[in-house]
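The values are calculated or read from the model by the stated rules, or taken from the named source; none is laboratory data. All values reported here derive from a predicted model rather than from experimental measurement. As a convention, Cβ positions derive from the backbone with ideal geometry for all residues, glycine included, and neighbour counts pool all protein chains shown.
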Amino acid sequence: MIDIHCHILPGVDDGAKHMEDSVQMAKSAVSQGINTIIATPHHLNGSYDNYKEDILVAVDQLNDRLQEEAIPLTILPGQETRINGDMLDDLQNGQLLPLNDTSGYLFVEFPSNHVPRYTKQLMFDLQLQGIKPIIVHPERNKELIENPDILYDLVSNGTLTQVTAASISGKFGKKIKKFSLQLIEANLTHFIASDAHNITSRGFAMQEAHGVIKDKFGASLVYWFMENAQYLVNGDHVVGDVPEKIKKKKIMGIF
């Protein structure tokens, strides 16, 4: 299994603090059936800056340590960039890091409470540059919960999304779990990933999430999400059904 979103690099953000923490996270990931992780440290979120070249070095160092420990896990480079108006320039200047470096897929993080007004145009402009933007954890964005048509419009125009496993398993509460399942049902998300930060409060939860998806939607959808992660790593096109709108009355019911 591939986990495309994880804060496993040591000492770079609010994830693993030290190399030993990274090793413990790696062991936990393997116990969940994960054999590949894309390390996606926060970038330009107001607290942490992690540029491409620094991430590549940190990934190499962690892979070396995992080999020494004989842990069967491969770390690939990535980045979780907070949306900003300079993303196109930063991309052209080599400061942004697509997932697995050459895949063409790029994580975009929204603020927790709103969606910037320029988002739709930026997603379009990124696609014109050959980039496939992926909005991370949309299920935890207050404005998207209140107005899911915003996400529907973005997905309908080629933007992809990734929901967090812990949201599906209920670790962020019933409201976010319900909205996460609505996003899955409406074909408004394409990836499930851990967004793990540690092995305690923000662990991997991938098996739990897959269990919820299997019970509600069937095992085939679990495999579909897993296959999309592989397509992403390979730089291939991911697959997805036609997105649907979430009815407003359903959203109102979660508050």
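Quick look at the numbers
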| read-out | value |
| --- | --- |
| Considering residues of the stretch 210-238 that are free of Cβ contacts under 8 Å to residues at least 40 places away in the same chain and assigned to a loop (DSSP other than H, G, I, E, B) only, the residue farthest from residue 162 (Cα to Cα) | 218 |
| Identity of the residue in the stretch 210-234, in contact with a strand residue (DSSP E or B) (Cβ under 8 Å, 6 or more places away or on another chain) and among the aliphatic types (A, V, I, L, M), that ends up farthest from residue 4 (Cα to Cα) | 213 |
| Subset of the stretch 104-134 [out of contact with any strand residue (DSSP E or B) (no Cβ under 8 Å at 6 or more places or on another chain) and either of a type in the set (Phe, Trp, Tyr) or under 30 Å from residue 26 (Cβ atoms) (or both)] | 112, 118, 124 |
| The stretch 7-30 - residue that is part of a loop (DSSP other than H, G, I, E, B) and over 17 Å from residue 64 (Cα atoms) and, of those, farthest from the chain's Cα centre (by Cα) | 17 |
| Number of positions in the stretch 206-255 that are closer than 19 Å to residue 181 by Cβ, under 18 Å from the mean Cα position of the chain (by Cα) and at pLDDT below 95 | 1 |
| Meets criteria (of a type outside the set (Phe, Trp, Tyr), in contact with a Ser or Thr (Cβ under 9 Å, 6 or more places away or on another chain) and without any contact (Cβ under 8 Å) to a residue 60 or more places away in the chain) for residue 73 | yes |
| Count of the stretch 180-205 residues which are over 13 Å from the mean Cα position of the chain (by Cα), more than 13 Å from residue 161 (Cα to Cα) and not charged (D, E, K, R) | 8 |
| Conditions (1) under 18 Å from residue 108 (Cβ atoms); (2) in a loop (DSSP other than H, G, I, E, B); number of the one not met by residue 183 | (2) |
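Each row is one residue, and each column tells you yes or no for (1) touching a Gly at 6+ places or on another chain (Cβ under 8 Å); (2) touching a residue at least 24 places away in the same chain (Cβ under 8 Å).
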site: 47; (1), (2): no, yes
site: 52; (1), (2): yes, yes
site: 67; (1), (2): no, no
site: 94; (1), (2): no, yes
site: 102; (1), (2): yes, yes
site: 106; (1), (2): no, yes
site: 113; (1), (2): no, yes
